[in-house]
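Accompanying notes for the structure given below.
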Amino acid sequence: MKKAILVAALVSAWAVVAGFAASSQKYDVEISLREKKILDLTPEGLSLVFHLDIYNTLSAPLFLTKYDYRVVINETEYLNLKTSLDEPIRVEPKSGLLIALPVKVTYEYLFQTVPDVRTKDQAACFLIGGIVFQDEKKKEKRVPVAFSGDLPIYRELEMRILPVEAKDLTIGGANLVFKAALKNPNGFSFKIDRVTYRLDFVGKTVSEGAVGQGIAVESRGERAFAIPLLLDFFEVGKAVYDGLEQPPVAVHFSGEVEVSSLWGSFTIPFNKSDKVAVQKIS
């Protein structure tokens, strides 16, 4: 029964929006959706932000004083919000401005409220509400709004350290290839813009830089990348030589992965420590 009521509410809301779009001249303020953005994507949650263009059709200023909206995710109410602004926002006559309506989604609360999305790759989100304006005589006018936007159910990327390849290893230095693999457990693919990293062997930094530009990682896929290393053990220390000569060697790999996806661009930190084999290759 509750789901049926919510579905009916959604249908009614979209009917209101359709009527609003078809007869916007009935309102003194025109509101349109410029874009939707996913921000602050982490394994804990995200923000879905609706950027709205507001245009005052009158020859007198209006003041945005408050707004209210319900957020429905997969046919279940997730959020019901009413907000009054401490300082009204002035909308000049025959002028417009851009505002943002953010929806903060915390996965822990989302999974409690909408349990079926836990195993999904994404969820449908509907925002239904109204924005209230006052004229110079303090008369209020509420303009209904309704927008939709999908959001990803994000699962943390996994950085995996692979065995170190040694082309040459002597007491004086080494010609190595360090490899790591980035695993994507999500239902969407992305492209690596770059991996900014710091690489330590047995507690000693042996390389810093950026790699991985342009590598595509498919949904639920994994891609490896390589970092060539020319080490001088007189500079980096005998402990590094001992660690490589008597593996497994202690490796610490940390930094940030910058990715581009259909949900936007994000910077994702990683911090991985492991003890790995050293494979001598010709």
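Between 251, 236, 145, find the one with the highest GNM mean-square fluctuation for the chain; connect C-alpha pairs within less than 10 Å.
For the chain, modelled as a Gaussian network with Cα springs under 10 Å, the answer is 236.
Just tell me which lysines come within less than 24 Å, Cα to Cα, of residue 183; anything on the same chain fewer than 8 places away is out.
Result set, ordered by chain and number: 120, 191, 272, 275.
Given the options 93, 185, 152, which has the most mean-square fluctuation in a GNM of the chain, springs set between C-alpha atoms less than 10 angstrom apart?
Of the options given, 93 has the highest mean-square fluctuation.
Under the rule of at least 5 residues apart or a separate chain, name every residue whose amide H is placed under 5 Å from the amide H of residue 268.
Correct list: 257, 258, 259.
Between residue 75 and residue 134, what FRET efficiency follows from the Cβ-Cβ distance if R0 is 41 Å, with the result rounded to 0.05?
Efficiency, rounded to the nearest 0.05: 0.75.
Averaged per residue, what accessible area in Å² does the range 125-235 show with a 1.4 Å probe, protein chains only? If you can, show how the numbers build up before the last one.
Values: 5140 Å² over 111 residues.
Averaged over the residues of the range 125-235, the accessible area is 46 Å².
Return one number: the angle in degrees, 0 to 90 and rounded to the nearest 10, between the long axis of the Cα atoms of helix 2-22 and the longest principal axis of the Cα atoms of the chain.
70 degrees
Name the residues whose placed amide hydrogens come within less than 5 Å of the amide hydrogen of residue 58, ignoring near sequence neighbours (fewer than 5 apart) on the same chain.
Amide H to amide H, under 5 Å and 5 or more residues apart or across chains, residue 58 pairs with 94.
Round to a whole number: what % of the accessible area of the range 196-259 belongs to carbon and sulfur, probe 1.4 Å?
Percent of accessible area from carbon and sulfur atoms in the range 196-259: 48.
Starting at the first residue of the range 271-276, write each ³J(HN,Hα) from the Karplus equation 6.51 cos²θ - 1.76 cosθ + 1.60 with θ = phi - 60°, in whole Hz, x for Gly and Pro.
Values, residue by residue: 7, 10, 10, 6, 10, 10 Hz.
Residue 77's amide H: which non-local residues (gap 5+, or another chain) put their own amide H closer than 5 Å, with H modeled 1.01 Å from N in plane and none for Pro or chain starts?
When sequence neighbours closer than 5 places are left aside, there are no close amide H contacts.
Gap in Å between the Cα centre of the range 59-81 and the Cα centre of the range 83-125?
8 Å
Would you look at the GNM of the chain, springs on alpha carbons closer than 10 Å, and say which of 41, 229, 110 moves the most?
The residue with the greatest mean-square fluctuation here is 229.
Can you give the extra length, in nm with one decimal, that the chain gains between residue 104 and residue 86 once fully stretched, where that is 0.36 nm per residue apart less the Cα-Cα distance?
4.4 nm
What ³J(HN,Hα) values, in whole Hz, does the Karplus curve 6.51 cos²θ - 1.76 cosθ + 1.60 give for the range 150-158 when θ = phi - 60°, with x put for Gly and Pro?
Values, residue by residue: 6, 9, x, 9, 8, 10, 4, 5, 10 Hz.
Tell me, what ³J(HN,Hα) does each residue in the range 90-97 have, in order and in whole Hz, if you take phi through Karplus 6.51 cos²θ - 1.76 cosθ + 1.60 with θ = phi - 60° and put x for Gly and Pro?
Running phi through 6.51 cos²θ - 1.76 cosθ + 1.60 with θ = phi - 60° gives 7, 10, 5, x, 6, 9, x, 8 Hz.
The values are calculated or read from the model by the stated rules, or taken from the named source; none is laboratory data. Model, not experiment: these values are computed from the prediction. For neighbour counting, all protein chains shown are included, and Cβ atoms are generated from backbone atoms with ideal geometry for every residue, glycine included. Just the protein is used for accessible areas: all its heavy atoms, side chains included, with ligands, DNA and RNA removed. Shrake-Rupley method; radii C 1.70, N 1.55, O 1.52, S 1.80 Å.
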